[in-house]
Amino acid sequence: MPVLNNKDLLGIKELSADEIKHILDTASGFKDVLKRDIKKVPTLRGRTVVNLFFEPSTRTRTSFELAAKRLSTDVINFSVPTSSVVKGETLIDTALTVQALGADFMIVRHSSSGVPHLLAKNLRASVINAGDGTNEHPTQALLDAFTMREKKGRIEGLEVVIVGDIAHSRVAKSNIYCLTKLGAKVRLVGPPTLIPDGIAKLGVDVYYDMDEGLRGADVVMMLRIQMERQGKGFFPSTEEYFGRWGLTSERFALAKKDAIVMHPGPMNRGIEISSDVADGERSVILEQVTNGLAVRMAVLYLLAGVKA
Ligand code: CP
């Protein structure tokens, strides 16, 4: 059943709950493959994947590269700083050039919202959004949902608290779309300056008080303060931010006893999360990274239109 009928994955907003569930189920199969001695399958042999990252990345770029290699594709990591982009070649000319070399998939990260959508309109290749500005980061939300389902056995009815810099976070947007479609109850917590007006219309509850927002949570997802996307003045100091919205073990005790803590990474330890929580027994932060590999294999596989 080729459920990803579009050639591209641009956002969670465009996906149905059934499509999301199908990606998660397909990823479960790939997670089993990744536990074998031989972790590679020939499924996409002969295809070419190009990582086109105009912004830094550790997890997403590495994970897509490895996912593509596990599916036996050829992978090119396009290096923007050493490319003809620095000579003024446009984004679309760059992408068309890479496509002319045989790219079947282009994994795109860019600081401007909408860049993957623009490329998708201009390319035959499948475009996967690896994070566009403050808009979406769909594979992050999919791996987060996969991890929640694995740890909690369900997503429907879970109380999920997302804390921090909601305004600048593409991870928060994709997670809000994903979790509300799957029936979770989503609370957003943070300073009023970092929670956009009107966001409640997406079906979430907003809290400015961290202790109130954390009570009874099943999942606490901490977000990085995105200094690179902020001007100054959203909060007085990082010390004050940590004091009011940082996750410490004392605060985490307000969530359910079996609550898990998540973070998409990279973390700012001591600003949004303390090290004892980040490294504690109920942290699934590194499991999120591991699950990203299976989820990205599933996305490449389903977009390739290969029947299961
Ligand atoms: N979560 C995430 O997108 O991490 P990277 O920026 O390291 O890819």
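Laboratory data are not the source of any read-out in this text; all were calculated from the coordinates shown. This one's a predicted model, so the numbers in the text were calculated from it and none came from an experiment. No Cβ is skipped: glycine too gets one built from the backbone with ideal geometry, and neighbour counts run over all protein chains shown.
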Across the chain, how large is the tail of the calculated P(r) beyond 37 Å, expressed as a percent of all Cα pairs?
15 percent
Lys257 to Leu96: FRET efficiency via 1/(1 + (r/R0)^6), r the Cβ-Cβ distance, R0 41 Å, to the nearest 0.05?
0.15
Report the normalised scattering of region 1-160 as log10 I(q)/I(0) at q = 0.14, 0.17 Å⁻¹, calculated by the Debye formula with identical scatterers on the alpha carbons.
-0.76, -1.10
Using the count of nearby Cβ atoms within 10 Å as a rough guide to exposure, how do Phe252, Phe30 rank from fewest to most?
Phe252, Phe30
Identify all lysines with a Cα-Cα distance to Lys87 below 27 Å; exclude those on the same chain that are fewer than 8 residues away in sequence.
Lys121
Fewest-first sequence of Arg251, Arg124 by Cβ atoms within 10 Å of each Cβ
Arg124, Arg251
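If you take every DSSP beta bridge fully contained in the chain, what fraction is antiparallel? Give it as a percent rounded to 5.
5 percent
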Ascending count of other beta-carbon atoms within 10 Å, so fewest first, for Ile271, Ile176:
Ile271, Ile176
Sorted on mean Cβ neighbours within 10 Å (highest first), peptides 162-170, 145-153 come out as 162-170, 145-153
Does anyone have the angle between helix 17-33 and the longest principal axis of the chain? Alpha-carbon axes, 0 to 90°, nearest 10?
80 degrees
